[in-house]
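Novice: There's a structure below that I have some questions on.
What follows draws every value from the coordinates through simple rules; no lab data is involved. Please read these numbers as outputs of a predicted model, since none were measured by experiment. Backbone-built Cβ (ideal geometry, glycine too); neighbour counts: all protein chains shown.
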Amino acid sequence: MADNFKLSDISPGAAPNASNPGSGTDLSTGDLRRKYNFGDRVSELNIAQDPFFRFVSKVAKKPCDDPKFKFTERRGSWHKRYAYVVDHGATSALGNSTDATVDAGHISTGDTYYLKMATDYMSAGNRQNVFGQSKNEITVGAAGTQPTFFLPGGVVKVNTGSAFNVMTGYALFRVVSVDLATSSAHAILKCSVVKGTDSATELQSYSAADASEQDESVISDSIAGALEASRCYVVGNAHGEGTGYPETWKDQPFSTGYGQTQIWKTTCAMTNTARATVLKYEGNEWARVWREKLIEHKYDIEQSLLFGSQYSDSDGIAYTQGAVDFVQNYGNVFALDTASKTQDSFLDDMSNYLDPRYNNSGATVYFCNTAVYNWLHKLGGYFKNNLEIGNLGTSSNAGNTNPFSADMAVTGKKMAAGVGVTTISTVYGDMNVVRNIHLDGTNVKMLGIDMKHCAYRPLVGNGINRDTSVYVGVQTLENSGVDRRVDQILTEAGMEWSMPEAHAVWL
């Protein structure tokens, strides 16, 4: 224990003995007649310590007054009034559950036609599937997904075509009546055809029961690339003059989640003798150790806020949610191999992640490991600066001052909250890229965090702030007769997350 309080020797020499009595000290200073040109300064290696913690603590700090807190997420429903046709027919018996083809003349203008509709998102909270995320998958027609937004008088658009995902047109159906009682997960619509087709066609929105058709519940399909063509949307409504008030429906856009604070402790101990000793370079050893312990404390929090998993054990110890764990369970998941990943495939990932149907935020920060950080700069820097295509100044290219160039380019660097941020311009907006050495050696290559939807939540209440609080105590060592000061840094913090669709991880 005593060694913990001993001042370290800068240049220890041999201990005094009979053959080497020394000169009253065991500190070796070399030839006493030489100065060795000792300066008054010492160089220090500084590293990027905690970029994620700096961001959430400086710009997204939301104190809470309970160690277990809840938060609410709100997802709008106006753009989610879509469903898939899972059965259809010219009578209320339907009967075409295994065939998407509509016979000629069955959907001519003015005809009556029946559609059985199901969707793939939960009505409570409007929670939907996330691209690349296999956990919490919602299949078409699952419990709690009944599309209650179909109303008499509403107009529904259904894509049609010669084969699946080969669209040649669309049909319009005006809803005459809605049956929600026959099935708890479906809505059966009696419709009047507003815009039909004179020839046999295929309903693009059909979720087939046989293997020859697309299954819209597959979360590996992008919305824009595959699912959108299969979705039937409400496209307004139509009513006769003097028909009175139409029916209405009520959505439930709120869902709740919870988090909990975690206690980190870092102890700093020092003797009064050491505190009173003036040293070279940094005279106050206590100030130096205190500063290092603060950095160590933040470093530990950074690691926890990245890799922690929400859990409470039998001893009552609480663990807060980490960003990596959260995103891998609720956010978009993509694959990234810098040896084979192309710029084109990476932009496809960006298209799915930044889909405005569930993520229209521009506040995402991309935390990268070293390999991906270099890879992005190679795509955006080397390619842009060295591989432009064009012959400026030639007669065939006269007046062309902007030849073909890269779609990704490093446009600038800046400091934000003390962290270096590189801005890379893409067709989907600017990427704010930060190198995070904590991701090196992990399976996470890049972590996209929408900083507007996460927060660092220290426990604050009743005039007590547990955000890096300091407690000073006195400890007496046995048989020493010396009082030792023991200073402890104690803090509690948690992470708040919302809108899980707005986070992504590349593995």
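Novice: Which whole-Hz couplings ³J(HN,Hα) result when phi for each residue of segment 262-275 is put into the Karplus expression 6.51 cos²θ - 1.76 cosθ + 1.60, θ = phi - 60°, listed in order with x for Gly and Pro?
Specialist: For segment 262-275, the Karplus-derived couplings read 10, 9, 10, 10, 10, 9, 10, 10, 7, 7, 5, 4, 5, 5 Hz, x marking Gly and Pro.
Novice: At a Förster radius of 22 Å, what calculated FRET efficiency corresponds to the Cβ-Cβ distance of Tyr245 and Ser192, to the nearest 0.05?
Specialist: Values: r = 20 Å, r/R0 = 0.92.
So, using R0 = 22 Å, E works out to roughly 0.60.
Novice: Quick one: what do you get for segment 247-348 if you divide its Cα Rg by 2.2 N^0.38 Å?
Specialist: On the way: Rg = 23.6 Å, N = 102, 2.2 N^0.38 = 12.8 Å.
Against the empirical 2.2 N^0.38 Å value, I get 1.85 for segment 247-348.
Novice: In addition: Sequence-distant or interchain residues sharing an amide H contact under 5 Å with Ala318, placed H: which?
Specialist: Residues meeting the criterion, in which the H sits 1.01 Å from N, are Ile263.
Novice: Using the Karplus equation 6.51 cos²θ - 1.76 cosθ + 1.60 (θ = phi - 60°), what ³J(HN,Hα) coupling, rounded to whole Hz, does each residue of segment 172-180 give in order, writing x for Gly and Pro?
Specialist: My calculation for segment 172-180 gives 10, 10, 8, 6, 8, 8, 10, 10, 9 Hz in order.
Novice: How far apart, in nm, are two points set 7 Å out from the Cα along the Cα-to-Cβ line at Leu151 and at Lys61?
Specialist: 4.7
Novice: Select from Tyr114, Gln128, Ser230 the residue farthest towards the positive end of the dipole of segment 76-239; place +1 on Cβ of Lys and Arg, -1 on Cβ of Asp and Glu, and compute about the Cα centre.
Specialist: Sorting the options by dipole projection puts first Gln128.
Novice: Can I ask one more? Per-residue HN-Hα couplings for segment 225-241, Karplus 6.51 cos²θ - 1.76 cosθ + 1.60 at θ = phi - 60°, whole Hz, x for Gly and Pro?
Specialist: Per residue, the Karplus-derived 3J(HN,Hα) values read x, 9, 5, 4, 5, 8, 8, 9, 10, 6, 10, x, 8, 9, 9, x, 5 Hz.
Novice: Mind checking which lysines have their Cα closer than 24 Å to the Cα of Lys135? Skip sequence neighbours fewer than 8 apart in that chain.
Specialist: Straight-line reach from Lys135, under 24 Å: Lys70, Lys80, Lys445, Lys452.
Novice: Also: Based on the Cβ-Cβ distance of Thr411 and Arg275, what FRET efficiency does E = 1/(1 + (r/R0)^6) give at R0 = 45 Å, to the nearest 0.05? It would help to have the intermediate numbers written out before the result.
Specialist: Details: r = 50 Å, r/R0 = 1.11.
Computed FRET efficiency for Thr411 and Arg275 comes out at 0.35.
Novice: What length, rounded to one decimal in nm, is gained on full extension from Leu180 through to Thr168, with 0.36 nm per residue of separation minus their alpha-carbon distance? Display every interim value, and only then the final one.
Specialist: Details: separation 12, 0.36 × 12 = 4.32 nm, distance 3.12 nm.
Extra length from Leu180 to Thr168 when fully extended: 1.2 nm.
Novice: Here is a further query. As a test, work out the antiparallel percent of DSSP beta bridges whose residues both lie in segment 76-239, rounded to the nearest 5. Please list the in-between numbers first.
Specialist: Details: 36 of 37 bridges.
Roughly 95 percent of the DSSP beta bridges within segment 76-239 come out antiparallel.
Novice: Please compute the net charge surrounding Ile223, taking Lys and Arg as +1 and Asp and Glu as -1 over other residues with Cβ under 9 Å from its Cβ. Numbers along the way, then the final one.
Specialist: On the way: positive: Arg231, Arg357; negative: Asp221, Glu228, Asp355.
Summing Lys/Arg as +1 and Asp/Glu as -1 gives -1.
Novice: Taking H as built 1.01 Å from N, whose amide H comes closer than 5 Å to the amide H of Ala416, not counting residues under 5 places away?
Specialist: For Ala416, the qualifying residues are Val421.
Novice: For Asp87, which sequence-distant residues (separation of 5 or more, or a different chain) have an amide H within less than 5 Å of its own amide H, given hydrogens modelled in the peptide plane?
Specialist: Lys116
Novice: Just to be sure I understand the model, the point goes 7 Å from the Cα along the line to the Cβ. What's the resulting Thr91 to Ser340 distance in nm?
Specialist: Each label point lies 7 Å from its Cα, and together they span 5.4 nm.
Novice: From the convex hull of the Cα coordinates of segment 76-239, what is the mean projected area in square nanometres? Each step should come with its number before you reach the end.
Specialist: On the way: hull surface 35.9 nm².
Projected area, direction-averaged: 9.0 nm².
Novice: Still on this structure: Packing-wise, with mean Cβ within 10 Å as the measure, how do 60-69, 365-374, 80-89, 156-165 rank, highest first? Provide the component values of the computation, followed by the final result.
Specialist: Details: 60-69: 15.1, 365-374: 20.3, 80-89: 23.0, 156-165: 18.8.
Output ranking for 60-69, 365-374, 80-89, 156-165: 80-89, 365-374, 156-165, 60-69.
Novice: For segment 279-344, which trypsin sites (Lys or Arg not before Pro) are both in a DSSP coil and crowded by at most 15 other Cβ atoms within 10 Å?
Specialist: Values: sites: Lys280, Arg288, Arg291, Lys293, Lys298, Lys341; in loops: Lys280, Lys341.
The qualifying sites are Lys280.
Novice: Post the alpha-carbon centroid distance, segment 419-453 to segment 156-194, in whole angstrom.
Specialist: What the calculation gives is 42 Å, centre to centre.
Novice: Ranked highest first by the average count of other Cβ atoms within 10 Å around their residues, in what order do 308-321, 126-139 fall? Don't jump to the answer; show the numbers that get you there.
Specialist: Details: 308-321: 13.9, 126-139: 17.9.
Ranked from most to least packed, the peptides come out as 126-139, 308-321.
Novice: Further question: Roughly how big is segment 76-239's charge dipole about its Cα centre, with Cβ charges of +1 (Lys, Arg) and -1 (Asp, Glu), in debye to the nearest 20? All intermediate terms of the calculation are to be shown ahead of the outcome.
Specialist: Working: 10 positive and 15 negative charges, 144 e Å.
It comes to approximately 700 debye.
Novice: Can you give the extra length, in nm with one decimal, that the chain gains between Asn360 and Thr267 once fully stretched, where that is 0.36 nm per residue apart less the Cα-Cα distance? Kindly include the intermediate steps, with their values, before the conclusion.
Specialist: On the way: separation 93, 0.36 × 93 = 33.48 nm, distance 4.36 nm.
Net length gain for the segment: 29.1 nm.
Novice: Taking 0.36 nm per residue of sequence separation and subtracting the Cα-Cα distance, how much length would be gained by fully extending the chain between Ile437 and Leu490, in nm to one decimal?
Specialist: On the way: separation 53, 0.36 × 53 = 19.08 nm, distance 2.53 nm.
Taking Ile437 through Leu490 to full extension adds about 16.6 nm, to one decimal.
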